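All remarks here apply to the structure that follows.
Quick note: the coordinates plus some simple rules give every number you see, no bench work behind them. Everything numeric here is computed off the predicted structure, so don't read it as measured data. FYI the Cβ positions are ideal-geometry reconstructions off the backbone, even for glycines, and counts take in every protein chain you see.
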Amino acid sequence: MRIGNIFFGSKGWLWIDESGRRWQSYMGALGAKNEKGPGSDTKETDAEPTGLTTMEFPHYQNFIDAIRANDPKILTCDILEGHLSSTLPHLANVSYLVGDTVRFDPKTESVKDNKKANDLLTREYRKGFEVPKSFPTKETSHAQRV
């Protein structure tokens, strides 16, 4: 599977493809015998779109269109909503990777008392593709226009 979800349970695991239409459960640990359990009976066909042609495609396209136009006003959802919505899953991944609970400070957007976890909140960017330390907000961009 290239894109999708894998869920691990106490008795086995389950994968769901990117479209959400196909799924299969397996009994036992990942990589063991992989004894099939219940699954979807649908077959993937050319008539069934998957990946970026699914219902998410318009969201991706809207984001790319806004970037190309350099116009955040054409976004169907404020970019801050996407940032805030992705914070919890990212923190869950960070917690999993460091093997410990993380205490996140939403004001500084950093993890308290855990340098390893805090380092996982960003990456080292290639020269010319660095992310600025701060971005214009509704308040600061309004103040700049006045």
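List the lysines whose Cα lies under 24 Å from the Cα of LYS133, skipping any in the same chain that are fewer than 8 positions away. Reachable lysines: LYS73, LYS107, LYS112, LYS115, LYS116. Each label was represented as a point 7 Å from its Cα along the Cα-to-Cβ direction; for SER86 and LYS112 these points are 2.6 nm apart.
Relative to the current alpha-carbon distance between THR122 and ASP78, full extension at 0.36 nm per residue lengthens the span by 13.7 nm.
Ignoring lysines fewer than eight residues from LYS36 along the same chain, the ones with Cα atoms less than 30 angstrom from its Cα are LYS11. A full extension of the chain between LEU30 and LEU97 corresponds to an added length of 22.3 nm, given 0.36 nm per residue minus the alpha carbon distance.
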